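> Sharing a structure below in structure tokens format, with a few things to ask.
Bear in mind these aren't lab numbers, they're just calculated from the coordinates by the rules spelled out. Here the structure is a predicted model, which means the values were calculated and not measured. Positions of Cβ are backbone-derived with ideal geometry, glycine not excepted, and every protein chain shown enters the neighbour counts.
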Amino acid sequence: MFTNETYRTATELFMETNPVDDFVFEGAIGFDALIDFLAMNESFELELVMAYLDQKNGLDTPWPKLPMLI
């Protein structure tokens, strides 16, 4: 549905404003945990991309919250 570049850009911009250094998922920590989490949770990954596209097009849409940040 979206290109790998779109997913990557959304993830990079998400990490600029949402620190993931302490994020833990299935034994992984930080960036590796985020990548594993996105791979296992397609709905969150889609929400991340949709927020990125909204922001890119001038809509003030907040990033989704990671489970540990809710």
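> Tell me which residues, restricted to region 44-62, are among the small types (Gly, Ala, Ser) and either in contact with a His (Cβ under 8 Å, 6 or more places away or on another chain) or surrounded by 15 or more Cβ atoms within 10 Å (Cβ to Cβ) (or both).
Once the filter is applied, which keeps residues that are among the small types (Gly, Ala, Ser) and either in contact with a His (Cβ under 8 Å, 6 or more places away or on another chain) or surrounded by 15 or more Cβ atoms within 10 Å (Cβ to Cβ) (or both), region 44-62 yields only 51.
> Are any residues in region 8-34 of a type in the set (A, V, I, L, M) and out of contact with any strand residue (DSSP E or B) (no Cβ under 8 Å at 6 or more places or on another chain), and if so, which ones?
Once the filter is applied, which keeps residues that are of a type in the set (A, V, I, L, M) and out of contact with any strand residue (DSSP E or B) (no Cβ under 8 Å at 6 or more places or on another chain), region 8-34 yields 10, 13, 15, 20, 24, 28, 29.
> Would you tally the residues in region 6-28 being farther than 14 Å from residue 48 by Cβ, surrounded by fewer than 16 Cβ atoms within 10 Å (Cβ to Cβ) and not small (Gly, Ala, Ser)?
5
> Taking region 29-43 as the region of interest, how many residues are loosely packed, with under 13 Cβ neighbours inside 10 Å and assigned to a strand (DSSP E or B)?
0
> Let me spell it out: the conditions are (1) under 15 Å from residue 67 (Cβ atoms); (2) of a type outside the set (Phe, Trp, Tyr); (3) part of a helix (DSSP H, G or I), and residue 19 meets all of them except one. Which number is the exception?
Answer for residue 19: the failing condition is (3).
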